[in-house]
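Q: A single structure is presented below for examination.
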Amino acid sequence: AGTGKGEAGNSSMAHVDILGVEVLEPQAKYSDDLKFEITFQCRTKPQEDLEWRIVWVGSAKNEKHDQVLDEVLVPPELGVNKFEYVVGGPDPSKLPAGEILGVTVVMVQALYKGKEFLRIGYYVKIDYEDEKLREEPPEVDRPDPALLERNILHTEPRVTRYLIEWDDVAAPSQETGAILSDQTGFSAPSERSNDGLSNQG
């Protein structure tokens, strides 16, 4: 399905700079694994592991349908770190039937000591793989996942950075958890305010 690259931009913080997130195989079957290549730099070595999390937004209206596809702890090393993060796709049986097709969001989140310091949101378009089915969708209660494909819009990520306290570096005068920066190249269809794609702050 090819390789697509969307740079997440540099994130200046006390210990860690996110150098880039690459979406591997942005166009794939709905049931295929999601693959990301994450590159970050440690200017000083954090005392604890970084936590990475992939979240699939199941509904634009209610976060209870969100699915945490995977969580992993990555031991950070001084200097540049790179790893490939492969996770299974969402369980469509847990999604609202009327929101499986269309546009949703997948989020890459980075946390330290349980505090989120980075969120990268990507739009994902879900549709039938066959052109005839796209033009004339079957009249069914719930689309068959085997007939679907996904397309992650990898070139236009929404990057949000949050202020946290690191090991021996207290957060500045702003409130911990405050948004340091929130940048995007597109508007959000979601009605939610915490999915990493809607305007915040």
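Q: Considering only residues that are open to solvent by less than 100 Å² (accessible area, probe 1.4 Å) and part of a loop (DSSP other than H, G, I, E, B), which ones fall in the stretch 123-141?
A: Residues satisfying the conditions are Glu129, Asp130, Pro137, Pro138, Val140.
Q: Is there a residue in the stretch 104-115 that is within 19 Å of Tyr30 (Cβ to Cβ), among the polar types (S, T, N, Q) and assigned to a strand (DSSP E or B)?
A: Yes: the stretch 104-115 contains one or more residues that are within 19 Å of Tyr30 (Cβ to Cβ), among the polar types (S, T, N, Q) and assigned to a strand (DSSP E or B).
Q: Another question about this same structure. Could you tell me which of the residues Arg192, Arg158 is in contact with a Ser or Thr (Cβ under 7 Å, 6 or more places away or on another chain), at pLDDT 90 or above, under 30 Å from Asp49 (Cβ atoms) and not hydrophobic (A, V, I, L, M, F, W, C)?
A: Details: Arg192 fails: at pLDDT 90 or above.
Exactly one of Arg192, Arg158 is in contact with a Ser or Thr (Cβ under 7 Å, 6 or more places away or on another chain), at pLDDT 90 or above, under 30 Å from Asp49 (Cβ atoms) and not hydrophobic (A, V, I, L, M, F, W, C), namely Arg158.
Conditions tested, residue by residue: (1) without any contact (Cβ under 8 Å) to a residue 12 or more places away in the chain; (2) surrounded by fewer than 16 Cβ atoms within 10 Å (Cβ to Cβ); (3) part of a loop (DSSP other than H, G, I, E, B).
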site: Leu19; (1), (2), (3): no, no, no
site: Glu22; (1), (2), (3): no, no, no
site: Asp32; (1), (2), (3): no, yes, yes
site: Lys35; (1), (2), (3): no, no, no
site: Pro46; (1), (2), (3): no, no, yes
site: Trp56; (1), (2), (3): no, no, no
site: Tyr85; (1), (2), (3): no, no, no
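Q: Can you name the residue in the stretch 144-159 that is in a loop (DSSP other than H, G, I, E, B) and either touching an Asp or Glu at 6+ places or on another chain (Cβ under 6 Å) or open to solvent by 50 Å² or more (accessible area, probe 1.4 Å) (or both) and, of all such residues, is nearest to Leu118 (Cα to Cα)?
A: Applying the filter and picking the extreme gives Glu156.
Q: Quick check on Leu101: is it in contact with an Asp or Glu (Cβ under 7 Å, 6 or more places away or on another chain) and either more than 14 Å from Phe36 (Cβ to Cβ) or crowded, with 19+ Cβ neighbours inside 10 Å (or both)?
A: yes
Q: I'd like to know if the stretch 90-106 contains one or more residues that are in contact with a strand residue (DSSP E or B) (Cβ under 6 Å, 6 or more places away or on another chain) and over 26 Å from Glu139 (Cα atoms).
A: yes
Q: Okay, next question. Tyr162 - would you say it is touching a Leu at 6+ places or on another chain (Cβ under 7 Å), surrounded by 13 or more Cβ atoms within 10 Å (Cβ to Cβ), of a type outside the set (Lys, Arg) and closer than 17 Å to Val23 by Cα?
A: Here the answer is no, as Tyr162 does not meet what is asked.
The values are calculated or read from the model by the stated rules, or taken from the named source; none is laboratory data. All figures in this text were calculated on a predicted structure; none of them were measured in a lab. So basically every Cβ, Gly included, is an ideal-geometry build from the backbone, and we count neighbours across all protein chains shown. With ligands, DNA and RNA removed, areas are computed over all heavy atoms of the protein, side chains included. Shrake-Rupley method; radii C 1.70, N 1.55, O 1.52, S 1.80 Å.
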